[in-house]
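What follows draws every value from the coordinates through simple rules; no lab data is involved. Since the model is a prediction, treat every value here as computed from it, not as a measurement. Every residue, glycine among them, receives a Cβ derived from its backbone with ideal geometry; neighbour counts consider all protein chains shown.
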Amino acid sequence: MLEKSEPFERKGNRLSVDCVAQITPHLDWYRAQGNSVPSGVVPLLDYAYDGSAFSYYYADDDLDTDRPVTRQDRAVVQAAIQPMLAWFQAAGHSIEWLSVADVHWGQNGCIYIAPRFVPITRSDNIVSIRPRRSVWQWLVWLCVGVGLLFLVLLGVYTRPSAPSDTVVVPNVVGMTVANAKQVLSTTQFQLNHQYNVQVPSGSVIMTIPPAGRAMKASRQLRIMVSKGLPALMVPNCIGKSVDQSRVLATEGGFVVTVASGNYSRSEPVGMVIAQVPTPDAIVTADAVQLVPSLGLPVTIQATPNASLSELTQQVVLDVHVTGLVPVAWGTQSVQIEAHETDRVRVYDTLHAPGDPVDVRVPVVSGTRIGVYFNKAVLVYERVYAP
């Protein structure tokens, strides 16, 4: 994590109350963007204002912390930062001030910015191109700088030493709030809660500043405490295809698994007929299992019977009904009827769960074939010569 304080370019000028009120909305918006910022913009994790100065905390995963940006890089920087500045401006949070300290080299060799939105002197602002100074102006500024440096060093070496007013942040990450409070009994702190998928509810996720970092004893330590997994509403996938349901559940934050499936009297193959958890349930787990339809448990195939067709002078078909009784359906009375002019029952047998069904019967082309499980219609269709 990258931590910054007030820009040194402000020359110690304290921010007014109105200026703080203008800066804070920009920082709140910037922090809320999280990792959705565009390439080249460093995510702002958090910031703090202690009444006199701001402190900032950025994600430094993509930054090359060993390669500083110098004033010799100004031309490259000014060319590279334009898309980032345009993104802030389009969101209504224009960046008017940016110093060299707000710009960083990335591990990929590209320029990154971590703006602070606080005013700095015009000469140090790289958002606009600074006019070139003459040699005499540079000599004057050099003399002034050497004189100020002499005065500062004189004050440092002649000032009596004062007792240390800093403390080192202890490591309380992973502790319960109660245990963390005992460790931080002599430290000012503030608890903040947020959802987290990895850290159990009631345990410390992180501290700002992080453990091992020195901070002012008067500063308040921020402790981020986990609220556990967020509550999610299970989407209704019943009656939708497996592909549609997978997209719907994934967009809702769930991990989807698909069961082997069950036979169905009404839903075609591939449609979801059941799910766990049930639709609209409020859960904290992120898993959803879909049960797709395997379609009907029996099929009808018709092939020409040449010998009977020649004998009867009609188009006769061999109808082959195959399938099984699903285990989940229990014992079934399986009946098959042929309906040409009269309804004729050609098969009537009691089947146990899992029993196969394999029936052949010759009929005239155009005959209606009905298959019934426990007297409920499963299939009813005409058969014709292919």
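Ranking Ser94, Ser365, Gly174 by how far each Cα lies toward the positive end of the dipole of the chain (charges on Cβ) leaves Ser94 at the top.
Of all aspartates and glutamates in the structure, those lying under 12 Å Cα to Cα from Lys4, and not within fewer than 8 positions of it along the same chain, are Asp46, Asp60, Asp102. Close amide H contacts of Phe54 (hydrogens built in the peptide plane, cut-off under 5 Å, sequence separation of 5 or more or a different chain): Glu6. For segment 319-331, 3J(HN,Hα) computed residue by residue from phi via the Karplus equation (6.51, -1.76, 1.60; θ = phi - 60°) reads 8, 10, 9, 10, x, 7, 8, x, 4, 5, 8, x, 5 Hz, glycine and proline entered as x. For segment 217-277, a crude dipole built from +1 on the beta carbon of Lys and Arg and -1 on the beta carbon of Asp and Glu, taken about the Cα centre, is about 400 debye to the nearest 20. Using just its DSSP H runs of length 4 or more, each adding -39500 (n - 2.57), the chain gives a mean residue ellipticity at 222 nm of -6500 deg cm²/dmol after division by all residues. Backbone amide hydrogens, once placed in the peptide plane, bring Glu3 within less than 5 Å of Tyr58, excluding anything fewer than 5 places away on its chain.
Computed from backbone phi with θ = phi - 60° and the Karplus coefficients 6.51, -1.76 and 1.60, the 3J(HN,Hα) list for segment 43-50 is x, 8, 6, 5, 8, 9, 10, 9 Hz; x is used for glycine and proline. Kirkwood radius, the chain, all distinct C-alpha pairs, inverse of mean reciprocal distance: 28.7 Å.
For the chain, modelled as a GNM whose springs connect Cα atoms under 10 angstrom apart, the maximal fluctuation among Ser264, Ser241, Ser365 occurs at Ser365.
For Ala287 and Arg360, calculate 0.36 nm times their separation in residues minus their Cα-Cα distance, and state this gained length in nm to one decimal. Write down the numbers at each step before the final one.
Values: separation 73, 0.36 × 73 = 26.28 nm, distance 4.53 nm.
Taking Ala287 through Arg360 to full extension adds about 21.8 nm, to one decimal.
List Trp136, Trp29 from most exposed to least, where exposure is judged by having the fewest other Cβ atoms within 10 Å. Please list the in-between numbers first.
On the way: Trp136 8, Trp29 14.
The fewest-first ordering by Cβ neighbours comes to Trp136, Trp29.
May I ask you to derive the FRET efficiency for Gln182 and Ala32 from their Cβ-Cβ distance with R0 = 41 Å, giving the value to the nearest 0.05? It would help to have the intermediate numbers written out before the result.
Numbers: r = 33 Å, r/R0 = 0.80.
Once rounded, the FRET efficiency stands at 0.80.
Projecting label points 7 angstrom from Cα along Cα→Cβ for Ala274 and Leu311 puts them 4.7 nm apart. Ranking Gln198, His351, Ile336 by Cα position along the charge dipole of the chain, where only Lys, Arg, Asp and Glu carry charges on their C-beta atoms, puts Gln198 farthest toward the positive end. Taken along its three principal axes, the alpha carbon spread of segment 224-326 comes to 88, 23, 17 Å, from the longest extent down to the shortest. A cut-off of 5 Å between modelled amide H atoms, ignoring neighbours fewer than 5 places along the same chain, links Asn196 with Lys227, Gly228, Leu229. Think of each Lys and Arg Cβ as +1 and each Asp and Glu Cβ as -1; about the Cα centre, that makes the dipole of the chain roughly 1740 debye. Couplings for segment 258-265, taken from phi via the Karplus curve 6.51 cos²θ - 1.76 cosθ + 1.60 with θ = phi - 60°, read 10, 6, 5, x, 9, 6, 9, 6 Hz in order; Gly and Pro are left as x.
For Val140, Val173, which order do you get if you count the other beta carbons within 10 Å of each Cβ and list the fewest first?
Details: Val140 12, Val173 16.
By the 10 Å Cβ count, ascending, the order reads Val140, Val173.
Summing charges over neighbours of Gly202, with a neighbour being any other residue whose Cβ is under 15 Å away from its Cβ, gives +2 when K and R count +1 and D and E count -1. Exposure proxy shown here: for Val256, Val371, the number of other Cβ atoms within 10 Å sets the order, fewest to most, as Val256, Val371.
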